[in-house]
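Beneath this line is the structure, given in C-alpha cells, with notes to follow.
What follows is calculated from the coordinates using simple rules that are stated; it is not laboratory data. Since we're looking at a predicted model, the values are computed, not measured. Please note: Cβ atoms are built from the backbone with ideal geometry, for glycine as well, and neighbour counts cover all protein chains shown.
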C-alpha cells in the first residue's frame, strides 16, 4: 500500500473538493490509490457535498423522536436549500435518523466540535492535567498526552463525530454528507434539544424499610 502522505491528501482534496479528513479516510480505504479514492468519495456523496457546503441552507424541517416508553424525546432542526428537497422522503428520513441518533447519545451536547465553547475545552483540559497517571511526567509530554485526550473528549460531545447507530462504519457527519450528495443541496444540522423525563427535578428519596420499621414500633 502506498504511503498516505500529506501531499497525497492535499492532491485528492484539490481534485475532489472533499475535506482533509475525508480524503485521508478515502486514501486509507483505497490503499493509497488516488483514482479509487476519488471514486470512493463520489460513491459516498462526500465530494459533491463539500462543494455545496458554502451555499445558504434556510429551508428544511424540524423533526422529533420520542423513544419507546416516552422517557426521552428529541427535537432537531436540519436545514437544506429548497422546500422541494425538505419535503422529500430522503430528507425526511435523514431528519428522523438524526433525531434517533441524538436520543441514543446522551453525552452529546453540541452539533460539531467547532460549536464547543472555549471554556468547556479549558475545563476539560484542567481535569485531564490533574489526573494521577500524569504525575511525574515531563511538562511537554503531559501537554501532548492531554491534547490527544482533549481532542477525543471534544469529539465525544459533538453529534457529527459520532458513529452512526445504523452503520458504524461512518459518522453522523458522513451520513449527512451522503444525503447532501444525493439531493444535490447543502444540508446542515443546525441545532437540537434532548428532553429526559424528570431531568433536573430533585426527588426526595425515602427509606421505605426504615419507615416500615418505625411503623412497627408505633
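Distance between the modelled labels on residue 144 and residue 121, one decimal in nanometres: 2.1 nm (7 Å Cα→Cβ projection). For the stretch 88-162, the alpha-carbon radius of gyration amounts to 1.45 times the rule-of-thumb value 2.2 N^0.38 Å expected for a compact globular protein. Scoring 21-27, 145-151 by mean Cβ neighbours within 10 Å over their residues and listing the highest first yields 21-27, 145-151. The value for the stretch 117-157 of Rg(Cα) / (2.2 N^0.38 Å) is 1.12. Averaged over residues, the count of other Cβ atoms within 10 Å places the peptides 105-114, 170-179 in the sequence 170-179, 105-114, highest first. Given R0 = 45 Å, the distance between the Cβ atoms of residue 201 and residue 29 translates into a calculated FRET efficiency of 0.45.
Can you list the residues of the stretch 86-112 with backbone N under 19 Å from a point 7 Å past the Cα of residue 166, pointing along Cα to Cβ? Residues 86-106 qualify, since their backbone N sits under 19 Å from the label point. Measuring how big the stretch 126-201 is from its alpha-carbon positions, Rg and Dmax come out at 18.3, 54 Å.
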